[in-house]
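K.L.:
Take a look at the following structure, please.
The values are calculated or read from the model by the stated rules, or taken from the named source; none is laboratory data. Remember, predicted model here, so these are calculated numbers, not experimental data. Because the Cβ atoms are built from the backbone with ideal geometry, glycine has one as well, and the counts that use them run over all protein chains shown. Ligands, DNA and RNA are excluded from the accessible area calculation, which covers all protein heavy atoms including side chains. Shrake-Rupley method; radii C 1.70, N 1.55, O 1.52, S 1.80 Å.
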Amino acid sequence: MQFSSVAKRLRAIVGRDAVLDRPEDLMLYEYDGGLARSTPRAVVFPRSTQQVVEVVKLAREAQVPIVPRGAGTGLSGGAIARTGGIILGFARMNRILEVDLENQRAVVEPGVVNLELSNTTARHGYYFAPDPSSQKACTIGGNVAENSGGPHTLAYGVTVNHVTGLEVVLADGRVVEFGGKAPEAAGYDLTGFFVGSEGTLGIATKITVKLSRLPEAVATMLAIFHTIEDAAHTVVAITAEGITPAALEMLDGWTLRTVEEATHAGYPLDSGAVLLIEIEGLREEVEEQAEATRTVCLRQRAREVRRARDERERQLLWAGRKNAFGAIGRISPSYYVQDGVIPRTRIPATLEFIAGVGRKYGFQIGNVFHAGDGNLHPLILFDPRDADQTRRAHAAGKDILEYCVSIGGSITGEHGVGMEKDHLMPLLFSASDLEVMARLRNAFNPESVLNPEKMIPLRGCRETDAARHPGAGLGAGATA
Amino acid sequence: MSAASAAASIGRELAAIAGAGHVYEDAQALAAHALEGVTPAAVISPGSPEEIAAVLRLASERGWTVAPVGGGTQQFLGGVPERVDIVLRTERLRAVHHYDPGDLTLGVDAGLTLSAVDGMLAERGQMLPLDVARPGAATVGGVLATATHGSLKHAYGGAREFCIGITFITGDGTIAHGGGRVVKNVAGYDLMKLLIGSHGSLGVITSANFRVFTRLHSTRTFECGFATLEEAMRFRDLVLRSPLTPRCLELVSPYADDYLHAPPVAQNPDETEMLPVDQGSGAWRVLVRAAGSDAVLARYQRELRGGTTRELQGEEEGCTWSAVSEFSETVMARHRNAMIVSLSAPIASVAPALAAAERAALDNNFLLAAVGRAAVGSMILAFIPLLVDPPSAMQYVAAVSAFRGSLPRDASAIVERCPREAKLHFSVWGSSPTDLEAMRAVKRALDPAGILNRGRFLL
């Protein structure tokens, strides 16, 4: 089928104004928050599950790939049409369908912006706990696809811990339900399995999420250190004390100076590193734990521990952390953000390794990360207009992630594998692990119409699977 | 081939994989591993994931059905199997792969018991929040496969929240692992979620990694009594809307009281009288367990004032929570013909679901005793038969059918235990909100020959 006739039929499904296919419009959808680029053939904006079904059926019939996309804030290329095709944008499916306080649940369309849900429920004393740094823009559908995290996942977990039900459009156009408002039910936990599947198993069109009670008290502290080593040791000392902060973030000296110049958050320019620590909960607990945390920090040679006295000061401290990527964007043509994870006891050695990688490739590498759960975000500053720099930036990133894996860590803590890291999956997973994942993908998406060539490295998986499992697919074979 | 020679062939081929000393074919061993009256042809205890993979590859080729077993504490779950060729025990997989107290992570083999894990973690002041029944026998693999949880689910969630990595063998003998050993990791599909609660129908779990937690210390339990369920639920809602963050919040029905206070000794079920004839205390109780400093406990005292009838601490508190974990076991030790149902409901539907259960019980010659996580929506219901006029198989069917028929939206009920004769007449799993065809596709992908726990799971 000619793509022009596909575009015509897309317009018939979603309306003329909801399809983009002019080159100047498509350029905006070539990229997300990461480095990868790829141009789609069309972008469509459905308004309903039924329209999604019709688009999926058309894409399948025409054998055109289809890639769901929220706000495009992802950092691993998950929402890019790697092999061309149709981008399914969820900007118009952005309604909060139900806020059910009695059951502590909300039902939303995938295009709802993360922060909007918390803002809507805050007046009732509830919020949606997963809070990626992009929460002002990113969508809950995107959070579900990538199993997004954020600074507060140390205490509250990632997106999957806050999703209890899904309505999903499968690759064959069937609309199915996984889970609901109850905590568990008979059958496989396909809700949990689907979250983080990066658009390769189906398209979520309705999402049931848990709402959490807003804490009674919050203490936000900035612990200031002369050296990054002292800050790194403090992270382990805090958890060893039995304290689980809601957030425990670290910025190294170079990064905090860059951030301070942009945001004026009050970070001391002459320090080696800062820890941003937040304790939440019952007033009495917060006071005790804040005091215990201060003691641990001082024992670990913090030169000062500041505590925000009010919400304004708290927001100011957080502004530095949440705007760190933007601040670095001011001084470098581009940066390559890594998302490696390590056991938290290995933070000091890993930071040393990263500094060595910077020297080896001749790049400034900034460190701003979720220290509490060992989720590093080294930012490699480089100029993408220089092909050699680009090549070296990728090589530096690979060195760092290989090191993370070599000490028991992972290649991604919250940004996903996408098209950025699929070639690194064999670092973590054996051929048989990947084959089992490919079998599962093929059970839902046998023709690879949905978000092809993402997450699972292609070669060696699909062929093996096809040979051994000719009956894969939802409609295939007899019931096992 | 006759049944006997087929069985001999299974035993011989299994012995070639794990050694004759780890394959059991004597009548006593086979009888001890019978599932709902269905006796296996052979029992095998492989010594490694590779041996398990070899067993499953062979079984897939031959079409032999396999029932994986951990500590055997939950083999009552599921439908009556049509056939069991091999019972595959994981008891020999007992290694600790890593325990990093500073990282709060642990990696252990599936055959390790929860008591063994707890003992190791306790030395470093840490714990896995899995307060399940019979921890001395229940294994890590079994608890994951059945998604079993206890009262600590209120604060920590179930294993799906803190299992961070898993290794398992698919039905066709492929060794696979998902996740890793760090607390935050989104690389690849979340195979932990798929395996947890899959009841051995997708693969045999051989090891798992966990995030561990600081052990509870300085705890206090506030026992609050109410004349009606509605009052108890209003109190639950007050606690839920308050700033308090208890570790456990448990609802106990009037009839359940007796099973928590009496020691859980096994009696001859056939001679046991229907004990709680006077509804125990007649009160619904809510148990709120707090942990923290004196100031924190004092805050609970103030907030719960008016509701609290008793404060439990020390040994008395520990015994109470053990009794809550062992509730089903205690009921079954006294009443061989009791029916245990696991209810999952949205929070606001717990009360109407309990009322529906009570009606269904009374209409069919049972008394209802209930214990559970009322603030999460996860309750254990015991339908206790009246000894004077024991129910027929059809009365179990009628009770389940009436109960399920009147459940509020999004609630569901799994029959965990009931007499075999009754099980033959209905699905113990009931309905599922999750699409069956999608589940079947997953089953086909991981167990293409359909040999794992055939007939016992939902599909």
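K.L.:
Which net charge results when you count Lys and Arg as +1 and Asp and Glu as -1 among the other residues whose beta-carbon is under 13 Å from that of A:GLY281?
P.N.:
Local net charge: -3.
K.L.:
Tell me, what is the per residue accessible area of segment A:50-91 in Å², probe radius 1.4 Å?
P.N.:
It amounts to 29 Å² per residue over segment A:50-91.
K.L.:
Can you give me the accessible area per residue for segment A:160-206, using a 1.4 Å probe, in Å²?
P.N.:
17 Å²
K.L.:
Give me the accessible area per residue for chain B, probe 1.4 Å, as a whole number in Å².
P.N.:
35 Å²
K.L.:
Follow-up. Using only the C-alpha atoms of segment B:187-260, find the volume of their convex hull and express it per residue in Å³.
P.N.:
Hull volume over Cα atoms, normalised by residue count, gives 229 Å³.
K.L.:
Restricting attention to the alpha-carbon atoms of segment B:1-135, what are Rg (one decimal) and Dmax (integer), both in Å?
P.N.:
Looking at segment B:1-135, its Cα Rg and Dmax stand at 17.2, 58 Å.
K.L.:
In nm², what is the average projected area of the convex hull enclosing the Cα atoms of segment A:372-466?
P.N.:
Dividing the Cα hull surface by four gives the mean projection, 7.6 nm².
K.L.:
While we're here: Could you run the Karplus curve 6.51 cos²θ - 1.76 cosθ + 1.60 with θ = phi - 60° over segment B:413-418 and give me ³J(HN,Hα) per residue in whole Hz, x for Gly and Pro?
P.N.:
Working through the residues one at a time gives 9, 9, 7, 7, 9, 6 Hz.
K.L.:
Sticking with this structure for a sec: What total accessible area, in Å², is buried where chains A and B meet, using a 1.4 Å probe and rounding to the nearest 100?
P.N.:
Separately minus together, A and B give about 6600 Å² buried.
K.L.:
Calculate the all-directions average of the projected area of segment A:308-347's alpha-carbon convex hull, and give it in nm².
P.N.:
The directionally averaged projection comes out at 4.5 nm².
K.L.:
Additional query: Tell me what chain B gives for mean residue ellipticity at 222 nm when only DSSP H runs of n ≥ 4 count, each as -39,500 (n - 2.57), the sum divided by the residue total, rounded to 500 deg cm²/dmol.
P.N.:
Result for chain B: -9500 deg cm²/dmol, rounded to the nearest 500.
K.L.:
Checking buried surface per residue: for segment A:333-357, which residues lose a minimum of 20 Å² accessible area in the protein assembly relative to the chain alone (1.4 Å probe)?
P.N.:
Residues of segment A:333-357 that lose at least 20 Å² of accessible area once the other chains are added: A:VAL341, A:PRO343, A:ARG344, A:THR345.
K.L.:
Still on this structure, please answer the following. Would you list, by chain and number, the lysines whose Cα falls below 16 Å from the Cα of A:LYS454, excluding same-chain residues fewer than 8 positions away?
P.N.:
Once the sequence-local lysines are set aside, what remains near A:LYS454 is A:LYS421.
K.L.:
Count neighbours as other Cβ atoms within 10 Å of each site's Cβ, and list the chymotrypsin sites (Phe, Trp or Tyr not before Pro) in segment B:133-189 that are DSSP loop with at most 15 such neighbours.
P.N.:
none
K.L.:
Let me ask another. How long are the semi-axes of the ellipsoid equivalent to chain A, from square roots of 5 times the Cα gyration tensor eigenvalues, in whole Å, largest first?
P.N.:
So the equivalent ellipsoid measures 38, 26, 21 Å along its semi-axes.
K.L.:
Let me check the size of segment A:71-196 from its C-alpha atoms; what are the radius of gyration and Dmax in Å?
P.N.:
Rg, Dmax (Cα atoms, Å): 14.6, 45.
K.L.:
So which of B:LYS193/B:LYS423; A:LYS136/B:LYS184; A:LYS57/A:LYS136 end up more than 24 Å apart by C-alpha?
P.N.:
Where the Cα-Cα span goes over 24 Å, the pairs concerned are B:LYS193/B:LYS423; A:LYS57/A:LYS136.
K.L.:
OK, next. Given just the C-alpha atoms of the protein assembly as shown, how large is their convex hull per residue in cubic angstrom?
P.N.:
It is 161 Å³ per residue.
K.L.:
I've got another one for you. Quick one: dipole size for segment B:399-459, taken about the Cα centre, charges +1 on Lys/Arg Cβ and -1 on Asp/Glu Cβ, in debye to the nearest 20.
P.N.:
Value, rounded to 20: 180 debye.
K.L.:
Of all accessible surface on chain B at a 1.4 Å probe, what whole percent is carbon and sulfur?
P.N.:
Taking all protein chains in place, chain B shows 51 percent carbon and sulfur surface.
K.L.:
In angstroms, what radius of gyration and Dmax does segment B:284-423 have, counting Cα atoms only?
P.N.:
Every Cα atom of segment B:284-423 included, Rg and Dmax give 17.3, 55 Å.
K.L.:
Rounded to the nearest percent, how much of the accessible area of chain A (1.4 Å probe, protein heavy atoms only) is carbon and sulfur?
P.N.:
Carbon and sulfur: 50 percent of the exposed surface of chain A.
K.L.:
Looking at chain B from every direction and averaging, what is the projected area of its Cα convex hull in nm²?
P.N.:
Its average projected convex-hull area is 22.0 nm².
K.L.:
When only alpha-carbon atoms count, how far does segment B:368-435 stretch along each of its three principal axes, as whole angstroms with the largest first?
P.N.:
35, 27, 19
K.L.:
Related question: So what is the calculated 222 nm ellipticity per residue for chain A, using -39500 (n - 2.57) for each DSSP H run with n of 4 or more, over all residues, to the nearest 500 deg cm²/dmol?
P.N.:
-11000 deg cm²/dmol
K.L.:
List the aspartates and glutamates whose Cα lies under 13 Å from the Cα of A:LYS181, skipping any in the same chain that are fewer than 8 positions away.
P.N.:
Output for A:LYS181: A:GLU98, A:ASP100, A:GLU102, A:GLU167, B:ASP410.
K.L.:
Considering protein heavy atoms only and a 1.4 Å probe radius, which residues within segment B:145-169 exhibit an accessible-area decrease of no less than 40 Å² in the full assembly relative to the chain by itself?
P.N.:
B:ARG160, B:GLU161
K.L.:
Also: I need to check one value: relative contact order of segment B:20-78, counting alpha carbon pairs closer than 8 Å and at least 6 residues apart, in percent.
P.N.:
27 percent
K.L.:
Please express the shape of segment A:147-199 as an equivalent ellipsoid: the semi-axes are the square roots of 5 times the eigenvalues of the C-alpha gyration tensor, given largest first in whole angstrom.
P.N.:
Listed largest to smallest, the semi-axes of segment A:147-199 are 22, 14, 8 Å.
K.L.:
Also, quick follow-up: Report relative contact order for chain A in percent, whole number only (criteria: Cα-Cα under 8 Å, sequence separation at least 6).
P.N.:
Across chain A, relative contact order equals 14 percent.
K.L.:
Right, next: Tell me which of B:LEU77, B:SER48, B:ALA16 sits at the most positive position along the dipole axis of segment B:1-114, charges placed on C-beta atoms (Lys, Arg +1; Asp, Glu -1).
P.N.:
B:ALA16
K.L.:
Only four residue types carry charge here, +1 at the Cβ of Lys and Arg and -1 at the Cβ of Asp and Glu. Report the dipole size of the protein assembly as shown about the Cα centre in Debye, rounded to the nearest 20.
P.N.:
That gives a dipole near 1920 debye.
K.L.:
So, one more: Once you sort the root eigenvalues of the Cα gyration tensor of segment A:1-159 as a ≥ b ≥ c, which label holds: rounded (a/c under 1.5), prolate (a/b larger than b/c) or oblate (the other case)?
P.N.:
Prolate, because a/c is 1.5 or more and a/b exceeds b/c.
K.L.:
Another question, if that's okay. What dipole magnitude, in Debye to the nearest 20, does chain B give about its Cα centre under +1 on Lys/Arg Cβ and -1 on Asp/Glu Cβ?
P.N.:
Roughly 1040 debye, rounded to the nearest 20.
K.L.:
OK, next. Are there residues in segment B:424-441 whose accessible area shrinks by at least 30 Å² when all protein chains are included rather than the chain by itself, and which are they (probe 1.4 Å, ligands and nucleic acids not counted)?
P.N.:
B:PRO433, B:THR434, B:ASP435, B:GLU437, B:ALA438, B:MET439, B:ARG440, B:ALA441
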